[in-house]
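Peer 1: Shown below is the structure under consideration.
The values are calculated or read from the model by the stated rules, or taken from the named source; none is laboratory data. It should be emphasised that the depicted structure is a prediction, and the values quoted were computed from it without experimental measurement. Note: ideal-geometry Cβ built from the backbone for every residue, glycine included; neighbour counts use all protein chains shown. Just so you know, the surface numbers come from the protein's heavy atoms only, side chains and all, with ligands and any DNA or RNA stripped out. Shrake-Rupley method; radii C 1.70, N 1.55, O 1.52, S 1.80 Å.
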Amino acid sequence: MTTGAPTPTYPVRPRRSRMRTFLPLGVAAWLVLEIWLLTVVAGAASGFAVFLLLVAGFVLGSVVIKRAGRRAFQNLNEALQRGGAPSSSGSGGNGLMMLGGLLLMIPGLISDAAGLLLLLPPVQKAIGRYAERTFDRKLRAAAPGTLGDAFQQARMHRPDGKVVQGEVIREDRPEPRDTPKPPLTG
């Protein structure tokens with residue numbers, strides 16, 4: 001039975017996203033630029049100076065990653081001892097600090113400059129705010145049935161395998177204690 005629309009005889013390929021198209025080109029251009037810049041600096045100073053810069057970047061990056069990871073683990077332990085969620089004020093920049101350390105560890109001068117920029121608190125705050133706004137916008141624009149929609153729905157799986165969709169409503173108002181509750185009747 002048809003609804004008037006012709007059935008395609010071939011599978012429809014989804015449109016390729018811009019990210020999948022331009023990301024490999026961007027990575028290739030970045031690698032070529034890194035290698036070219038390293039050869040220019042090696043020609044101006046010396047190969048040994050470039051080697052020392054790369055080793056210093058690797059050591060500094062590993063120290064930064066270790067420090068940020070230790071701070072994130074300490075914040076998590078404190079939150080678990082308190083019995084609550086980790087505070088976003090104390091651990092807001094740990095992920096960006098780890099990313100900065102990783103960029104410092106990658107050989108290249110452009111990645112080192114980007115890693116050093118990510119270690120600055122004003123840059124971390126600006127990127128954190130941008131990422132949070134982007135995540136909230138994508139979450140609100142998510143279509144039903146996607147991963148973004150999963151955060152806004154509640155589902156209860158019953159023992160018989162049925163799924164009951166619903167909405168969670170939490171009221172933070174305390175109930176008055178002096179009013180008697182009606183007895184439960186079966």
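Peer 1: What order do you get for 46-55, 132-141 when each peptide is scored by the mean count of other beta carbon atoms within 10 Å, highest first? Please report the intermediate quantities before stating the final value.
Peer 2: Working: 46-55: 13.4, 132-141: 10.6.
Highest to lowest by the protection proxy: 46-55, 132-141.
Peer 1: Something else now. Roughly how much of residue 97 is accessible, in Å² to the nearest 10, using a 1.4 Å probe?
Peer 2: 30 Å²
Peer 1: What does the accessible area of residue 59 come to, in Å² to the nearest 10, when a probe of 1.4 Å is used?
Peer 2: About 80 Å², rounded to the nearest 10.
Peer 1: Suppose R0 equals 45 Å. What FRET efficiency, 1/(1 + (r/R0)^6) with r the Cβ-Cβ distance, do residue 28 and residue 74 give to the nearest 0.05? The partial results should precede the final answer.
Peer 2: Values: r = 40 Å, r/R0 = 0.88.
Here the calculated transfer efficiency is 0.70.
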